[in-house]
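Okay, structure first, notes after.
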Ligand SMILES: [Zn+2]
């Protein structure tokens, strides 16, 4: 490992370590008004035991217990949990808000309902409709399940997943068929399967649930032309509207990839709010125009107590260090 690489990887860790000490002190004096924090998760485990079954790629999955702690943490800090309907009504810039979102449309998202009901907090779920209508496993889980069974390390699995993110969904399908055979898309259990249409209908009817668009094929849209992107939004919205009885006004970009032209396409498709994976606080008032782009923090597969103060202050070691490096580069 070169010296530069060593410095690059250790500085963010040092910043984070200092954050654990200083964040609580800073937060005693800093106002948290005027901010909306949005988090994204993928799956929900009923227990930590389920994690060990290795049926779903573990990034951004949360146990029921961690979700419960997450909600309690922000309620205690006087944050209000909101839904897209609350965004429409407008937010008070003297208050602090938090929003829970889940991407992809896993059946296991049902496990979040008892927690949402217990605390009466809403959540927004972005659904990939192609998996829903075909009851097929998500491609990143196919890689994870098969490779883990072969004994491949998580690091190498993640490398293989990353390498496929440059591709069109039809190329990813082909890669999986070539590597894992004709039945690779068949889910292994309730943990890795998508919701069915009937289940989604029931789920969407819940008063704490809002459904959003996550494209039809979980397309990483920067790999597609704009006409294909428009088709991905439309196909998904048509299917969702038929099932849930309303047309989603919210959309989350798969893998967080987007461009200003894609925002324009999303605007034309009728979305009012689009969700990215940029790790920043949304400041109030939100910029009102035809379409509002919202930042989201990655919901981590660990206790909120270990990263909550960082999100409330809107930074973490790598983000701060990368921004600093960029500023220095701009100056030079
Ligand atoms: Zn996704």
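The numbers here are math on the coordinates, done by the rules we state, and not lab data. Computed from a predicted model, the values in this text were never measured in an experiment. A quick note on method: Cβ atoms are made from the backbone with ideal geometry, for glycine too, and the neighbour counts reach across all protein chains shown.
Have a look at 179, 135, 109, 131 and point out the one that is over 17 Å from residue 254 (Cα atoms) and within 16 Å of the ligand (Cβ to nearest atom).
Just one listed residue meets the conditions, 109.
On the given criteria, is residue 267 within 16 Å of the ligand (Cβ to nearest atom), surrounded by fewer than 18 Cβ atoms within 10 Å (Cβ to Cβ) and assigned to a helix (DSSP H, G or I)?
no
Being in contact with a strand residue (DSSP E or B) (Cβ under 8 Å, 6 or more places away or on another chain) and crowded, with 17+ Cβ neighbours inside 10 Å is the filter here, so list the residues in the range 65-94 that pass it.
Passing the criteria: 67, 70, 71, 74, 79, 81, 82, 83, 84, 87, 91.
Residue by residue, here is whether (1) surrounded by fewer than 21 Cβ atoms within 10 Å (Cβ to Cβ); (2) farther than 30 Å from residue 314 by Cβ; (3) in contact with a helix residue (DSSP H, G or I) (Cβ under 7 Å, 6 or more places away or on another chain) holds:
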position	(1), (2), (3)
96	no, no, no
107	no, yes, yes
134	yes, yes, no
141	no, yes, no
146	yes, yes, yes
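Condition check ((1) farther than 21 Å from residue 100 by Cα; (2) surrounded by 15 or more Cβ atoms within 10 Å (Cβ to Cβ); (3) within 16 Å of the ligand (Cβ to nearest atom)) across all residues:
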| position | (1), (2), (3) |
| --- | --- |
| 199 | no, yes, no |
| 202 | no, no, no |
| 205 | no, no, no |
| 211 | no, yes, yes |
| 216 | yes, yes, yes |
| 227 | yes, no, no |
| 231 | yes, yes, no |
| 240 | no, yes, yes |
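Answer yes or no: is there a residue in the range 178-187 that is surrounded by fewer than 18 Cβ atoms within 10 Å (Cβ to Cβ), closer than 24 Å to residue 101 by Cα and within 22 Å of the chain's Cα centre (by Cα).
No: the range 178-187 contains no residue that is surrounded by fewer than 18 Cβ atoms within 10 Å (Cβ to Cβ), closer than 24 Å to residue 101 by Cα and within 22 Å of the chain's Cα centre (by Cα).
Would you mind finding the one in 102, 119 that is in contact (Cβ under 8 Å) with a residue 24 or more places away in the chain and within 19 Å of the chain's Cα centre (by Cα)?
The conditions single out 102.
Looking only at the range 283-321, how many residues end up being surrounded by 13 or more Cβ atoms within 10 Å (Cβ to Cβ) and over 19 Å from residue 273 (Cβ atoms)?
19
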